[in-house]
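Notes follow the structure.
The values are calculated or read from the model by the stated rules, or taken from the named source; none is laboratory data. Since the model is a prediction, treat every value here as computed from it, not as a measurement. Methodologically, a virtual Cβ is constructed for each residue, glycine included, from the backbone with ideal geometry; neighbour enumeration extends over all protein chains shown.
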């Protein structure tokens, strides 16, 4: 079985399990599964506003999902995406508010995006360096840095930056704001193009560059990579720096395209959802897009069918899908081995 067919089989098994589990939960709350599933699809993929909202909710998850996926490729579990995203949001808001009013749009947007990527990348690189130099586990470091960054940003903002009697920075300049499009009432914005470029760039780096090869080699086997002359330390630091920068890029969606300022707790939770997206996408850039769209569909769909089933049911279903993907992988591998054994006997 080819790698592509294997991943497709894993996704199919997980989807069937999730649909079965979701249907059982729907029956528990006294609704018809067919009615609920039909309503969810009609109010998301079958409706212009709903589709735009799905894309809006999926866009930041592409960035955070890619961030986690890059770390996974290098054998690291980046649980610190929340803090890296927060740092990027804050830097983006500060840069956008500090720019002169007459700054050209191209320069304004580029400066804000660069500030966001640099801030997120710095936090990610620090996590990678602690893992590489001191042996500190990236999960523990990431959890601690999340708490530290949230506290520091709140102190800095409240003391020096926030608008009086608020928890938000001044608005970014007009030139730094990304255009929105789609049906009235949606906030879908041009950051979706940056997300698409990021997916293509990471896919190219992983498949075509020495850096990507080093990440994959270290992630597959540190000892084998060392035997081939590939150092784990450099790969870990570079992977976490890129991972953090990708998380920071989600600021383009939240700050430049949506709120037009940094707000305390803006984007909270998107980093942890990025873990689910990366796992659903099996660590592949293309899979991350599919995972982000699925989570976005469930997120907006849960609101759209709230009169039929509780929103919490959709949250449970999201968790079921992630668990199903993790459980489906060994099942598919066992099927593959048995098929190979049967073929050898025949």
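In region 154-172, which residues are surrounded by fewer than 20 Cβ atoms within 10 Å (Cβ to Cβ) and either part of a helix (DSSP H, G or I) or at positive phi (or both)?
Answer for region 154-172, where residues must be surrounded by fewer than 20 Cβ atoms within 10 Å (Cβ to Cβ) and either part of a helix (DSSP H, G or I) or at positive phi (or both): 154, 155, 156, 158, 159, 160, 161, 165.
Specify the residue that is modelled with the highest pLDDT; the eligible residues are those in region 214-260 that are surrounded by fewer than 23 Cβ atoms within 10 Å (Cβ to Cβ) and not in a helix (DSSP H, G or I).
260
What do you reckon, is residue 66 in contact (Cβ under 8 Å) with a residue 24 or more places away in the chain and more than 18 Å from residue 252 (Cβ to Cβ)?
no
How about region 178-195: which of its residues are touching a residue at least 60 places away in the same chain (Cβ under 8 Å) and assigned to a helix (DSSP H, G or I)?
Result: 191, 192, 194, 195.
Of all residues in region 320-346, which are exposed (fewer than 11 other Cβ atoms within 10 Å of the Cβ) and either modelled with pLDDT of 75 or more or under 27 Å from the mean Cα position of the chain (by Cα) (or both)?
330
Return the residues of region 303-318 that are assigned to a helix (DSSP H, G or I) and in contact (Cβ under 8 Å) with a residue 40 or more places away in the chain; say none if nothing qualifies.
Within region 303-318, 304, 313, 316, 317, 318 meet the criteria.
From the list 8, 12, 39, 20, which one is over 24 Å from the mean Cα position of the chain (by Cα), free of Cβ contacts under 8 Å to residues at least 24 places away in the same chain and assigned to a helix (DSSP H, G or I)?
20
Kindly check whether there is at least one residue in region 34-42 that is at pLDDT 90 or above, closer than 30 Å to residue 338 by Cβ and surrounded by fewer than 16 Cβ atoms within 10 Å (Cβ to Cβ).
no
Any chance region 189-209 includes a residue that's more than 19 Å from residue 81 (Cβ to Cβ) and touching a strand residue (DSSP E or B) at 6+ places or on another chain (Cβ under 7 Å)?
Checking region 189-209: at least one residue is more than 19 Å from residue 81 (Cβ to Cβ) and touching a strand residue (DSSP E or B) at 6+ places or on another chain (Cβ under 7 Å).
Which one of 84, 31, 53 is more than 21 Å from residue 125 (Cβ to Cβ) and touching a helix residue (DSSP H, G or I) at 6+ places or on another chain (Cβ under 6 Å)?
Matching residue, one of 84, 31, 53: 53.
Please pick out the residue among 114, 129, 122, 151 that is surrounded by fewer than 20 Cβ atoms within 10 Å (Cβ to Cβ), closer than 26 Å to residue 71 by Cβ, out of contact with any helix residue (DSSP H, G or I) (no Cβ under 9 Å at 6 or more places or on another chain) and at pLDDT 95 or above.
So the residue among 114, 129, 122, 151 that is surrounded by fewer than 20 Cβ atoms within 10 Å (Cβ to Cβ), closer than 26 Å to residue 71 by Cβ, out of contact with any helix residue (DSSP H, G or I) (no Cβ under 9 Å at 6 or more places or on another chain) and at pLDDT 95 or above is 151.
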